[in-house]
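The values are calculated or read from the model by the stated rules, or taken from the named source; none is laboratory data. Owing to the predicted nature of the structure, the values given are computational and were not obtained by experimental measurement. Glycine also receives a Cβ, built like all others from the backbone with ideal geometry; neighbour counts cover every protein chain displayed.
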Amino acid sequence: MSEQAANVNDLLARASALREQIGDYHDKYVESIYAEAARVADKVVTSEGNNRAFDFDRTLDRILTSRVWGFPIMVLMLGVVLWLTIAGANIPSQMLGTLLLDWVYGGLHAVFEAIGAPWWLTGFLVDGVYLGLAWVVSVMLPPMAIFFPLFTLLEDFGYLPRVAFNLDRIFAKAGAHGKQALSMAMGFGCNAAGVIATRIIDSPRERLIAIITNNFSLCNGRWPTQILIATIFIGALVPAAWSATASMLAVLGVAMLGVFMTFAVSWALSKTLLRGEASTFSLELPPYRPPRLLQTLYTSVIDRTLIVLWRAVVMAAPAGAVIWLLGNINVAGASLAEWAVSGLDPIGWFIGLNGVILLAYIVAIPANEIIIPTILMLTAIAGGGVAGVQPGVMTEFDTASQTAQVLVGVGGWTLLTGINLMLFSLMHNPCSTTILTIYRETNSLKWTAVATVLPIILGVATTTTIAWIARALGLA
């Protein structure tokens, strides 16, 4: 019995020691919780006599999420990113254009002539398929390679969640999700990438709204059209010293109209096809941190730029072929392009555009980047020919004044045509890459059709209204 008693006493002693250890651990754990709570409270709660040291995150948040300064800073930041994208892409785009559109293009022509290829095969493959691909790559790659890294840097720094925080109230009133602000911003680089970015929205209804309205963000493929047309028609309305400023403000105004359309259409969809209440969500504002450059480059170049570019290139090949065929197949003494333009002209006049623009937007669905080269080619065909422009071969001039001479002198464009083209460039169907992406993300022909047709309806309604008002006032 004495041995059993000793064992019992030993077990009791161990239990007592363990209980004391648990008690000490519990006390230390509770103390650590209180200490952490006190640290957080001291950081975020203002009390009399509480003189906290300067806090970078809190001070910056007071500015970036301010009701007074938050929105101007967002517009300024977007303007800076877009300016860096457009201005920074000029030189690499010119270099890439010289390589692909001059040297390689000329070399391919020489190779096909050396092997004795028939003219139609050379035209179809080189002037059609290759030229369409080369134009998309030279125009699309440099802006994307600049915009996406800048966008990712802002994301890594922690600014984009603040953008979503600022816009959450407006999107909620529109029946949409606050995170739609991020996919909308991504759409300014590429609408296909913006559609993919809607994956961050958990609600299927609100994600559909974000997908359908992303096309109202001016993608980098539409900026060249906006800038060129604004320079030719808007810049010409003011003295030369103010021409660049007026053109820039006109393009910025179209971009802001796109943001307004995003809110308006989101609200309309939430009240009709996609009824429902805006979901609530907890938006965590992460701490500001230095961007990770290597990860940023990988994410922006591999995951976004090259994937989207590859899809666009695949879609652009048939567009170049179709454009060449339209300009070089003749029926009853006229090319297919001439027949199509003449048939579309009455519709174009009615909605304040013309047949050339309508046909260009039909055949250039694969890529917005080839709209202007296609318009110039079709204008030359419809106008009986322009020096330096071959039938069925997309072209572009070195200066805006040369382009203006063709559009105004040969095509008969007016200020009304220019303004309506800028608006139609904002409100028309997505490019085929974006349409394909919408279908893959929604797996629905119905919603893909809605996202494709809805902008066209709004664009046609807008340009038609402006055209008939201008005619009624004797301005066109």
Quiz item: Which one of these is crowded, with 21+ Cβ neighbours inside 10 Å, touching a helix residue (DSSP H, G or I) at 6+ places or on another chain (Cβ under 6 Å), touching a residue at least 40 places away in the same chain (Cβ under 8 Å) and of a type outside the set (Gly, Ala, Ser): Asn368, Asn429, Asn420?
Solution: Asn420
Quiz item: What tally of residues in region 376-405 results from selecting those that are among the β-branched types (Val, Ile, Thr), in a helix (DSSP H, G or I) and more than 22 Å from Ala236 (Cβ to Cβ)?
Solution: 1
Quiz item: Of the conditions (1) closer than 25 Å to Met377 by Cβ; (2) modelled with pLDDT of 85 or more, Ser93 fails just one. Which one is it?
Solution: (2)
Practice problem: Mind listing just one residue for me: the one in region 187-205 that is among the small types (Gly, Ala, Ser) and within 17 Å of Phe216 (Cβ to Cβ) and, of those, modelled with the lowest pLDDT? | Solution: Gly189
Practice problem: Look through region 161-175, keep the residues that are more than 19 Å from the chain's Cα centre (by Cα) and within 18 Å of Ala264 (Cβ to Cβ), and return whichever of them is surrounded by the most Cβ atoms within 10 Å (Cβ to Cβ). | Solution: Ala174
Quiz item: Looking at Ser270, Ser266, which is the one that is at pLDDT 90 or above, small (Gly, Ala, Ser), farther than 30 Å from Met377 by Cβ and in contact with a Lys or Arg (Cβ under 9 Å, 6 or more places away or on another chain)?
Solution: Ser270
Self-check item: Long-range neighbours under 9 Å by Cβ, at least six apart or interchain, first residue within 24 Å of Ile170 (Cα to Cα) and of a type in the set (Val, Ile, Thr) within region 46-69, second assigned to a loop (DSSP other than H, G, I, E, B) and modelled with pLDDT of 80 or more
Solution: Ile63/Trp69
Quiz prompt | Selected residue (only one of Arg162, Arg207, Arg199 is in contact with a His (Cβ under 9 Å, 6 or more places away or on another chain) and not aliphatic (A, V, I, L, M)) | solution = Arg207
Exercise. Using the structure shown, decide if Phe350 is surrounded by fewer than 19 Cβ atoms within 10 Å (Cβ to Cβ), within 30 Å of Ile469 (Cβ to Cβ) and of a type in the set (A, V, I, L, M, F, W, C).
Key: yes
Exercise. Starting from region 122-150, keep only residues that are farther than 18 Å from Pro373 by Cα, then list their pairs with residues that are part of a helix (DSSP H, G or I) and charged (D, E, K, R) whose Cβ atoms are within a distance under 7 Å, requiring at least 6 positions of separation or different chains.
Key: Phe148/Arg304
Self-check item: Residues (charged (D, E, K, R) and at positive phi) located in region 400-444
Solution: none
Practice problem: Identify the residue in region 294-320 that is aliphatic (A, V, I, L, M) and closer than 16 Å to Ala364 by Cβ and, among all such residues, is modelled with the highest pLDDT. | Solution: Ala319
Quiz item: Across region 437-463, what is the number of residues that are surrounded by fewer than 18 Cβ atoms within 10 Å (Cβ to Cβ), farther than 21 Å from Ala268 by Cα and in contact (Cβ under 8 Å) with a residue 24 or more places away in the chain?
Solution: 0
Quiz item: When Gly123 is evaluated against the numbered criteria (1) of a type outside the set (Phe, Trp, Tyr); (2) crowded, with 18+ Cβ neighbours inside 10 Å; (3) farther than 25 Å from Ser432 by Cα, which criterion, by number, is the only one it fails?
Solution: (3)
Quiz item: Any idea which residue in region 54-77 is farthest from the chain's Cα centre (by Cα), counting only those that are farther than 14 Å from Ala181 by Cβ and among the polar types (S, T, N, Q)?
Solution: Thr59
Quiz item: Which fully enclosed helices (runs of 4 or more DSSP H) of region 148-251 have 3 or more residues being farther than 30 Å from Arg292 by Cβ and among the aliphatic types (A, V, I, L, M)?
Solution: 204-213, 223-229
